[in-house]
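Here's the structure, in structure tokens; my notes come after.
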Amino acid sequence: MRFGYFDDTHREYVITTPKTPYPWINYLGSENFFALVSHRAGGYCFYRDARLRRLMRYRYNNVPTDVGGRYFYINDGGEVWNPSFAPTNTALDAFECRHGLGYTRITGERKGVRASLLMLVPTGHTAEIHQLTLKNESSDVKNLKVFSLIEWCLWNAYDDMTNYQRNFSTGEVEIEKNGATLYHKTEYRERRDHYAFYNVNADVAGYDTDRESFLGLYNEWGEPQVPVKGQSSNSVASGWQPIASHGLDVKLAPGETKTFVFTLGYVEVPRDQKWEKPGIINKKPAHDLIAKFSKPEQVDAAMKALADHWSKLLSNYSIESGDEKLNRTVNIWNPYQCMVTFNMSRSASYFETGIGRGMGFRDSNQDLLGFVHLVPERARERIIDIASTQFPDGSAYHQYQPLTKRGNNDVGSGFNDDPLWLIFGVAAYIRETGDYAILDEQVPYDNDPKTATSLFEHLKRSFNHVLNNLGPHGLPLIGRADWNDCLNLNCFSETPDESFQTTGNRVGRTAESVFIAGMFVGVAPDYAYLAEKKGFADEAKKARAESAKMTDVVLKDGWDGEWFLRAYDFFGKKVGSKENKEAQIFIEPQGFCVMAGIGVEGGQAKKALDAVKERLDTKYGIVLNNPPYTEYHVELGEISSYPPGYKENAGIFCHNNPWVIIAETVIGRGDRAFEYWKKIAPAYLEEQSEVHRLEPYVYAQMIAGKDAVRHGEAKNSWLTGTAAWNFVAIAHYLLGVRPDFDGLRVHPCLGSEVGKFTVTRKCRGAEYRIHVKNSGQSGSAPKLTVDGKPIAGDLVPYAKAGSTVIVECEV
Ligand code: GLC
Ligand code: GLC
């Protein structure tokens, strides 16, 4: 069952009912100011940090779900309704929500009044614009009373939710132009040099800034006293809960349309210019910002700029094929999600509250893989930020805070896969750009400038961190966990309130990870290549030798007979082996070891992937492990804390499915790779939205596995490494167009379903048009001609910036 449809021409998903199976959201903003907006106008916005600079209040895990947003109440002859349906839930004659790239437009219609609400964050500005267009489609004159409403968050979202003894007394506002501009200035009198405001470009009939005066103390959001009465109360908040609401009297003749622009802005003021006069804030920066968007033409221009911005970004990789689901995924929604994930890391979604996790070292490096072709300069900056938090011994803080860019001591370090992801990220960046100079950048350790070395030295310490931390079999020690945050083999937690992520009750140098071994072998060729490039031939030689050695170790002690083992636990017992009662096989090492090429020659790779098909594949994707753990195992940690079929205990992790998809292409089985991909790619799941429940335009982190009660149901959409890895899988390996150090590799492998297709790829200033005739002979070597001349192999040499290269590919 569907709840909307894709409008590819406008690059929009169009939701046609307010009653989707879960709030389906979008993101506004892509620089410093961001907003989340649901199809019912729910959500909030913030400046840079979702915890410390939150403008709007939002209550997570609320009843009913998704309350708090930008609401417009329309009182038409005594009946109150919202174009976004919420929060009054008054029936609408028509409803539509269009989520587009960086904007959302919600239209509701009732009794001849059509109200359309466009929301966007204009590029280059720190404001959310709400443009409300009201049209009278009836034959009567309409006298509408219209009320805007947002509730302010007192900046620190965590404190705002918890510290009532203080913050019920701190709220302060200012009112200007009879209420057309409402200022939120809580804590501005002391250490904050920023305030927020909500303006409308029209004369108002009244305003409110105090929530209780607007709603009534015991009323819900759907029965607010002021809109019901049809009159603002001109309340002035003092403490309690400041809000901003404009009251507008709107008279519309039959057929008439009126448009209002509301600006919800954030400004910072230099400390010595904070005040206009004692107690009165300096409003100049707000006035400047308001002036930029006070006319509908200015909003049109901002929309045009946004569209151009995205057209430019998306043109870096695009496909034309006969499969429209494939096209929209690759051309629009997957790169869009990669951008959002890159911006937000794992901070603010409808599953992440924006007050918890910082930027993950591992997560952010992986996000780069799907983002680097969009804005390489920002990827470069991110790499330097991440590397600056690394420890001198090559290990890494697991997370860092985006505002301070410092490592997060609460979570600390010890996730032994982390350092290797830095090499993956840097290699992806250099492949895209050819910017080897980044390796010479001086980058500190743990943000201490005195310790700075070249970035290459950071990579060296990353690589050697693995070699310095080998266990009894010669496999890498796992530390707190590897990619699977929940496989905590040194944790042994018996106390309910301990964090699995940070508790390490036994200091063991026994628990080993086959997954990290696969990563090590997988990244070694890149590391060796970069070492050679920098003139460290000995280091390159050593890396290759260590990688060969590790490959032998994996094939000897990391191989279970039919598939790769997952790990050895604290006691040296196998994890992910046929000898275990539960969780005999895990997805991660099968995907990563084969991606690294381990066992491809000897046939183990094929065996391992056949075992994945047989034991882990389901109708909705590949589960993480099988059989699931049914009991808590203190020696394994969080993984066994989840009920069977959810999350890391046999859920379908859409993040690691692409490893198997890529692995299938490594052994040339494109049909199977494409089939796996389609099972989790959201556009293909649209028809099953009632089962999947989340947005059909973005990936979710997890879909409940076959052992779960609610098999097929997704959770945790948007902010997940799934976005980047699936982009890599489909764009780089199935469609097969990927930048390499010395040229653009063209090697499609996706079976026979998609016959002819064209990929247009911009890279290092040149444009490549790659016409593929795909017979479906997956695994066969492609035949390429470049500008009419046949070439040997699959590497198209990089062309001069500015040139266009025509590639014909037959496979
Ligand atoms: C979450 C984390 C990621 C981890 C994965 C598996 O997606 O963000 O870092 O690798 O879970 O545990
Ligand atoms: C929990 C989740 C895992 C996530 C981690 C982040 O362990 O299961 O997916 O990576 O929290 O801290």
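Side notes on the structure shown:
- Filtering region 663-674 to residues that are surrounded by fewer than 24 Cβ atoms within 10 Å (Cβ to Cβ) and either hydrophobic (A, V, I, L, M, F, W, C) or touching a helix residue (DSSP H, G or I) at 6+ places or on another chain (Cβ under 9 Å) (or both) leaves Val666, Ile667, Arg669, Asp671, Arg672.
- Taking region 755-811 as the range and being closer than 24 Å to Pro335 by Cα, basic (Lys, Arg) and surrounded by fewer than 21 Cβ atoms within 10 Å (Cβ to Cβ) as the test, the residues that pass are Lys756, Lys762, Arg764, Arg769.
- Flag if Ala608 is part of a helix (DSSP H, G or I) and crowded, with 18+ Cβ neighbours inside 10 Å: yes
- Residues of region 107-127 that are β-branched (Val, Ile, Thr) and in contact with a His (Cβ under 7 Å, 6 or more places away or on another chain): Thr123 alone.
- Members of region 401-423 found to be of a type outside the set (A, V, I, L, M), in contact with a helix residue (DSSP H, G or I) (Cβ under 8 Å, 6 or more places away or on another chain) and open to solvent by less than 30 Å² (accessible area, probe 1.4 Å), listed by number: Phe415, Asn416, Asp417, Asp418, Pro419, Trp421
- Residue among Ala781, Ala801 that is more than 17 Å from Thr665 (Cα to Cα) and in a loop (DSSP other than H, G, I, E, B): Ala801
- Selection within region 76-91 - open to solvent by less than 10 Å² (accessible area, probe 1.4 Å) and either assigned to a loop (DSSP other than H, G, I, E, B) or in contact (Cβ under 8 Å) with a residue 60 or more places away in the chain (or both): Asn82, Pro83, Ser84, Ala86
- Tally of residues being open to solvent by less than 10 Å² (accessible area, probe 1.4 Å) and over 17 Å from Trp152 (Cβ atoms) across region 205-229: 3
- Of the residues making up region 230-274, just one is touching a Gly at 6+ places or on another chain (Cβ under 9 Å), surrounded by fewer than 14 Cβ atoms within 10 Å (Cβ to Cβ) and either free of Cβ contacts under 8 Å to residues at least 40 places away in the same chain or in a strand (DSSP E or B) (or both), namely Ser238.
- Total residues in region 348-380, condition away from ligand 2 (no atom under 13 Å from the Cβ), surrounded by fewer than 21 Cβ atoms within 10 Å (Cβ to Cβ) and aromatic (Phe, Trp, Tyr): 0
- Residue within region 191-207 that is in a loop (DSSP other than H, G, I, E, B) and free of Cβ contacts under 8 Å to residues at least 24 places away in the same chain present: yes
- Subset tally (residues that are under 17 Å from Gly68 (Cβ atoms), open to solvent by less than 10 Å² (accessible area, probe 1.4 Å) and among the aromatic types (Phe, Trp, Tyr)) for region 22-33: 2
- Pairs where the first residue, in region 694-720, is modelled with pLDDT under 95 and the second is within 16 Å of ligand 1 (Cβ to nearest atom) and assigned to a loop (DSSP other than H, G, I, E, B), C-beta under 8 Å, 6+ apart: none
- Pairing residues of region 481-508 that are within 16 Å of ligand 1 (Cβ to nearest atom) with residues that are of a type outside the set (A, V, I, L, M, F, W, C) and outside any loop (DSSP other than H, G, I, E, B), at Cβ distances under 6 Å and at least 6 apart in sequence or on separate chains, gives Asp482/Ser513; Cys486/Glu638; Asn488/Gly637; Asn488/Glu638; Cys491/Gly637; Phe500/Gly637; Phe500/Glu638.
- Residue list for region 620-640, filter: within 16 Å of ligand 1 (Cβ to nearest atom) and either hydroxyl-bearing (Ser, Thr, Tyr) or assigned to a strand (DSSP E or B) (or both): Gly621, Ile622, Asn625, Tyr629, Ser640
- Residue match in region 45-66 (condition: buried (at least 23 other Cβ atoms within 10 Å of the Cβ) and within 24 Å of Lys135 (Cβ to Cβ)): no
- Residue check, Glu109 in contact with a Leu (Cβ under 7 Å, 6 or more places away or on another chain) and surrounded by fewer than 20 Cβ atoms within 10 Å (Cβ to Cβ): yes
- Within region 641-656, being away from ligand 1 (no atom under 12 Å from the Cβ) and either on the phi > 0 side of the Ramachandran plot or in a helix (DSSP H, G or I) (or both) holds for Ser641, Gly645, Ala650.
- Taking the numbered list (1) in a loop (DSSP other than H, G, I, E, B); (2) among the small types (Gly, Ala, Ser); (3) under 18 Å from the mean Cα position of the chain (by Cα) in turn, Ala723 passes all entries but (1).
- Residues within region 430-474 that are in contact (Cβ under 8 Å) with a residue 12 or more places away in the chain, β-branched (Val, Ile, Thr) and out of contact with any Pro (no Cβ under 6 Å at 6 or more places or on another chain), tallied: 3
- Between Gly356, Gly370, the distinction of being assigned to a helix (DSSP H, G or I), within 16 Å of ligand 1 (Cβ to nearest atom) and among the small types (Gly, Ala, Ser) belongs to Gly370 only.
- Applying the criterion of being open to solvent by less than 10 Å² (accessible area, probe 1.4 Å) and under 14 Å from Lys325 (Cα atoms) to the residues of region 687-706, the residue that is nearest to ligand 2 (Cβ to nearest atom) is Tyr699.
- Complete set of residues in region 596-605 that are in contact (Cβ under 8 Å) with a residue 60 or more places away in the chain and part of a helix (DSSP H, G or I): Ala605
- Restricted to region 328-347, and to residues there that are within 16 Å of ligand 2 (Cβ to nearest atom) and either under 16 Å from Glu695 (Cα atoms) or of a type in the set (D, E, K, R) (or both), the residue that is surrounded by the most Cβ atoms within 10 Å (Cβ to Cβ) is Thr341.
- Ser547 being of a type in the set (Gly, Ala, Ser), farther than 27 Å from Glu614 by Cβ and either within 16 Å of ligand 2 (Cβ to nearest atom) or in contact (Cβ under 8 Å) with a residue 24 or more places away in the chain (or both): yes
The values are calculated or read from the model by the stated rules, or taken from the named source; none is laboratory data. Nothing here was measured: the structure is a model prediction, and the numbers come from that model. Cβ sites come from the backbone with ideal geometry, for glycine too, and all protein chains shown count toward neighbours. Please note that ligands, DNA and RNA were not included when accessible areas were found on the heavy atoms of the full protein model with its side chains. Shrake-Rupley method; radii C 1.70, N 1.55, O 1.52, S 1.80 Å.
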